Amino acid sequence: MHILGAHQHYHVRFPEGADVFADANDAVRCHMTQLGRPAWLRRQRDDYDAAVRFHTSVVARTLDITVSASRSRPTHWMFVSDHGQEVGHTFRHAGHSPGTASGYRIPLLMWRSPDQGPWPAGLGQRPFRADGWGPLLGEVLGVAWPGMEGHRSLLHPDYRWQAPEPMPMWHTTAAPPVSDECLRQHPPSS
């Protein structure tokens, strides 16, 4: 299944009434203000967060359906994002940013029925890139092809993370972490 997800225009990626981050007085807004991010970018970030929140509920529902349907047969369920979005994390930009961690660090969720056995130790700590999807899917399905680079599969014992090559046209300097002042004013909720 392909889901459009949190692509721009973020404000049309969640239903009416689900804009729970609009003008939120929280640590994210405080931090973005300290970084000098303009109002339009702070609004983009609020819309993006609402889109991700809604999208997460849709993805969770597909997992619930899969788990229910898997009771009688071996099953795998995977979700991967095609790319991330820059929304003021690193610089004054909203949208695709293949040269920043915001653009290439993506979520990967995997579940398999209990009869498939445990996942490899430390799997959740391994970084992943979307271009490793083919080898990963091949390994899960038991399919190989000429030239397949097994070490690019997250499940392979010799898996090796490789960051993308720097892209000079993209700003690659990370913004400083959220300040202590913002965290004191807006402590994270548990």
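Consider the stretch 21-54 and keep the residues that are assigned to a helix (DSSP H, G or I) and basic (Lys, Arg). The one that is surrounded by the fewest Cβ atoms within 10 Å (Cβ to Cβ) is 53.
When the residues of the stretch 97-108 are filtered to those that are touching a helix residue (DSSP H, G or I) at 6+ places or on another chain (Cβ under 8 Å) and open to solvent by less than 30 Å² (accessible area, probe 1.4 Å), the one that is nearest to residue 9 (Cα to Cα) is 97. Among the residues of the stretch 122-136, is there at least one that is closer than 20 Å to residue 74 by Cα and either of a type in the set (Phe, Trp, Tyr) or assigned to a loop (DSSP other than H, G, I, E, B) (or both)? No, that holds for no residue.
For the stretch 1-28, the tally of residues that are touching a residue at least 24 places away in the same chain (Cβ under 8 Å) and more than 19 Å from the chain's Cα centre (by Cα) stands at 8. Looking at 174, 121, 94, which one is open to solvent by 50 Å² or more (accessible area, probe 1.4 Å) and modelled with pLDDT of 80 or more? It is 121. Condition check for residue 164 on (1) more than 30 Å from residue 65 (Cα to Cα); (2) loosely packed, with under 13 Cβ neighbours inside 10 Å: one failure, at (2). All conditions but one from (1) within 25 Å of residue 161 (Cβ to Cβ); (2) in contact with a strand residue (DSSP E or B) (Cβ under 6 Å, 6 or more places away or on another chain); (3) assigned to a helix (DSSP H, G or I); (4) not charged (D, E, K, R) apply to residue 66; the one that does not is (1). For the stretch 137-155, a residue qualifies if it is out of contact with any Lys or Arg (no Cβ under 7 Å at 6 or more places or on another chain), within 15 Å of residue 78 (Cα to Cα) and assigned to a loop (DSSP other than H, G, I, E, B), and the qualifying residues are 153, 155.
Among the residues making up the stretch 29-55, those that are at pLDDT 90 or above and touching a Gly at 6+ places or on another chain (Cβ under 6 Å) are 37, 41, 45, 55.
Go over the candidates 88, 132 one by one and state the one that is at positive phi and open to solvent by less than 30 Å² (accessible area, probe 1.4 Å). Talk me through it step by step, then tell me what you get.
Values: 132 fails: at positive phi.
Only one candidate qualifies: 88.
The values are calculated or read from the model by the stated rules, or taken from the named source; none is laboratory data. The structure displayed is predicted, hence computed values, not measured ones. Backbone-built Cβ (ideal geometry, glycine too); neighbour counts: all protein chains shown. Ligands, DNA and RNA are stripped out before the accessible areas are found, and what is left, the full protein with its side chains, is counted by its heavy atoms. Shrake-Rupley method; radii C 1.70, N 1.55, O 1.52, S 1.80 Å.
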